[in-house]
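What follows is one structure encoded as structure tokens, with my remarks underneath.
The values are calculated or read from the model by the stated rules, or taken from the named source; none is laboratory data. Quick caveat, the model's predicted, so the values are computed rather than measured. Note that we place each Cβ from the backbone using ideal geometry, even for glycine, and neighbour counts take in every protein chain shown. Heads up: the accessible areas ignore ligands, DNA and RNA and are worked out on the full protein's heavy atoms, side chains in. Shrake-Rupley method; radii C 1.70, N 1.55, O 1.52, S 1.80 Å.
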Amino acid sequence: MRLPLLLMITGILLLLLGGVPAVFEFMSMQGFFIDPTESLFPAHWFIMIYGFFGALIGNEVLVALSVEWSGKTADNRLIAVYLSSVILGSISFLFLSQQLGLIFILLSMGILLYHSKEYLGVSKIGLLPTTYNWLLFYSIMISSAIVAFQLGLGYTIPYINLIFPASMILAVMDRDIALVTGVKIARHWENVLAFILLAIGMGIYPNGSILMILAWILSFHASGLYRFKGRRYPILHLATAWIYLLIASILVFSYDIYIHAIAVGFLFNTVFGVDVVLMDLFVNAFNRRIHVKPSYIPFILLNVGLIMRFLYDFGLSIPILLLASPLQGIGILSFFVLTLKQVVMAK
């Protein structure tokens, strides 16, 4: 099996390992009579951030972008060590100790940082590094420092770890938003400043609301999403993602809304919407060009479920809200199932 494909499949399996306990946990909070994965829930956030998103981002840095920038993927041994570190970090955090899990994840971050320095040089066709290249590098550097900081503390601060995927999303958007909207970004400094403000704002939660709102204004203006130009499917997802980022920036007083507006609303809507990135991963995993027809089903399930969760957070308690977490989980899983099905069956 090709390593990029194995990395992708591992990410989806870790998505299930981290996501299913969260579904049952939220349902149990609402009075559901059984929670068979209760013992797995404490590691939910870690596995989702450094397991699932770690695998997705690792594939982007070590495979997709590497092929684009240098003409080849990272060395297979490097990918194998990265994959092993992500798996061992997730499993160790779940079954052994948080400290051991952090050590393995710090190793995986070191691998990404080591390989991403390649993107600070000249590309195979003579291109100089762009803002995107630098933001990607600094996102990994900041995330590595966050993991090391918690390792030194001897305990974890769950919310601060969301800086890893969130900052990476802003880095990716500096390049890929133009592929979605057709509008070239003219003010890269807005994304740079948004990147800095968002990282600081999330790092000083719950006192970073103003900084996060400023980051939202800058990143949204730089994105050009408000012009509603480009392909309808990704525009819908990305506009929705940025709405959730604004919600998180304003409603910092509700920890559950803050965390899930970013982790589910912002991150997953962006992953679903920026299919140009996902297609790069599939091209390298399956070694063939692929055209995938998007489905609105995952979008509807994910966001209806998330809105229902927020209604419960605001104190509304009716039986149908018990479906909030399952709908989110099914929406996320259905996206990967429907996409992979089309990829596998493509001729």
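One table, with the values for the structure above:
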{"item": "Flag for Gly265 being crowded, with 19+ Cβ neighbours inside 10 Å and closer than 19 Å to Gln328 by Cβ", "result": "yes"}
{"item": "Hey, Lys184 without any contact (Cβ under 8 Å) to a residue 12 or more places away in the chain and open to solvent by 10 Å² or more (accessible area, probe 1.4 Å) or not", "result": "yes"}
{"item": "Hits in segment 73-113 (condition: more than 18 Å from Leu6 (Cβ to Cβ) and free of Cβ contacts under 8 Å to residues at least 12 places away in the same chain)", "result": "Phe95, Leu96, Ser97, Leu100"}
{"item": "Total residues in segment 236-262, condition under 18 Å from Gly331 (Cβ atoms), of a type in the set (Ser, Thr, Tyr) and open to solvent by 20 Å² or more (accessible area, probe 1.4 Å)", "result": "1"}
{"item": "Residue within segment 66-74 that is at positive phi and open to solvent by 10 Å² or more (accessible area, probe 1.4 Å) present", "result": "yes"}
{"item": "Hey, Ile243 out of contact with any helix residue (DSSP H, G or I) (no Cβ under 7 Å at 6 or more places or on another chain) and not aromatic (Phe, Trp, Tyr) or not", "result": "yes"}
{"item": "Test result for Phe220, of a type in the set (Phe, Trp, Tyr), at pLDDT below 95 and within 23 Å of Trp134 (Cβ to Cβ)", "result": "yes"}
{"item": "Unmet criterion (only one of (1) crowded, with 18+ Cβ neighbours inside 10 Å; (2) within 16 Å of Ala239 (Cβ to Cβ); (3) aliphatic (A, V, I, L, M); (4) more than 18 Å from the chain's Cα centre (by Cα)) for Ala178", "result": "(1)"}
{"item": "Output for segment 223-235, where each listed residue is among the small types (Gly, Ala, Ser) and either over 20 Å from the mean Cα position of the chain (by Cα) or open to solvent by 50 Å² or more (accessible area, probe 1.4 Å) (or both)", "result": "Gly224, Gly230"}
{"item": "Enumeration of residues in segment 2-22 that are in contact with a Ser or Thr (Cβ under 8 Å, 6 or more places away or on another chain) and without any contact (Cβ under 8 Å) to a residue 24 or more places away in the chain", "result": "Pro21"}
{"item": "Residue ID - nearest to the chain's Cα centre (by Cα), chosen from residues in segment 191-211 that are free of Cβ contacts under 8 Å to residues at least 40 places away in the same chain and part of a helix (DSSP H, G or I)", "result": "Leu198"}
{"item": "Top-ranked residue in segment 107-127 [being surrounded by fewer than 20 Cβ atoms within 10 Å (Cβ to Cβ) and aliphatic (A, V, I, L, M); ranked as modelled with the highest pLDDT]", "result": "Leu107"}
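Yes/no matrix, rows are residues, columns are (1) modelled with pLDDT under 80; (2) among the small types (Gly, Ala, Ser); (3) over 24 Å from the mean Cα position of the chain (by Cα):
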residue: Phe310; (1), (2), (3): no, no, no
residue: Leu316; (1), (2), (3): no, no, yes
residue: Leu323; (1), (2), (3): no, no, no
residue: Pro326; (1), (2), (3): no, no, no
residue: Ser334; (1), (2), (3): no, yes, no
residue: Val337; (1), (2), (3): no, no, no
residue: Leu340; (1), (2), (3): yes, no, no
residue: Val343; (1), (2), (3): yes, no, no
residue: Lys347; (1), (2), (3): yes, no, yes
